[in-house]
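Notes for the one structure printed next.
Read-outs throughout are calculated quantities, based only on the coordinates presented, and are distinct from any laboratory measurement. Since this is a predicted model, take the numbers as computed values, not measurements. Glycine also receives a Cβ, built like all others from the backbone with ideal geometry; neighbour counts cover every protein chain displayed.
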Amino acid sequence: MKQENVVIFTDKEEEFVNLLIQAGIKRPAAQLLVFLSNTPEATSRDLVRGTDLRQPEVSIAIKYMTEQGWVKTCEVGSEKKGRPMKSYSLAVPVKEIIAGIEKMNKDEATRKLALVGKMRDYF
């Protein structure tokens, strides 16, 4: 019988996930960010098992995180025939990612305040 380790988020990691969600990051991306912040490198299978997300959710979140410049991808040779596996890791430190999220939220708040100012001009 093959033995596997089960990874479960701690309360502190769950709190971090929830803070990321409140800051505007979708849950799958938040979970992957927390998972990858605690592991140097992971395959998509590791991400599915470690976050309890489905494969399509992982793929969509990885695509978003790659577009943001948060994740880098490496092809890993497979032991078996077939498609090569991909390995994912953070491309930038978590503190830089948080700074980017902060800037994104500040820009959004500024944009919304400008819209409210325009609305006031109508009356």
Placed amide H near M85: partners under 5 Å, 5+ positions off or other chain: V76, S78
Which option, (1) 14.3, 48; (2) 18.2, 73; (3) 15.2, 47, is the value of Rg and Dmax of the Cα atoms in Å that was calculated from these coordinates? (2)
Loop trypsin sites (Lys or Arg not before Pro), the range 58-100 (other Cβ atoms within 10 Å of the site Cβ: 10 or fewer; DSSP): K80, K81
Contour minus end-to-end for N38 and I21, with contour as 0.36 nm per residue of separation and end-to-end as the Cα-Cα distance? 4.3 nm
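State which stretch of the chain is the longest one without any exposed GluC sites (Glu not before Pro), exposure meaning a DSSP loop state and at most 16 other Cβ atoms within 10 Å. Intermediate values should be presented prior to the final figure.
Values: sites that count: E4, E41, E79.
Longest stretch, sites excluded: 80-123.
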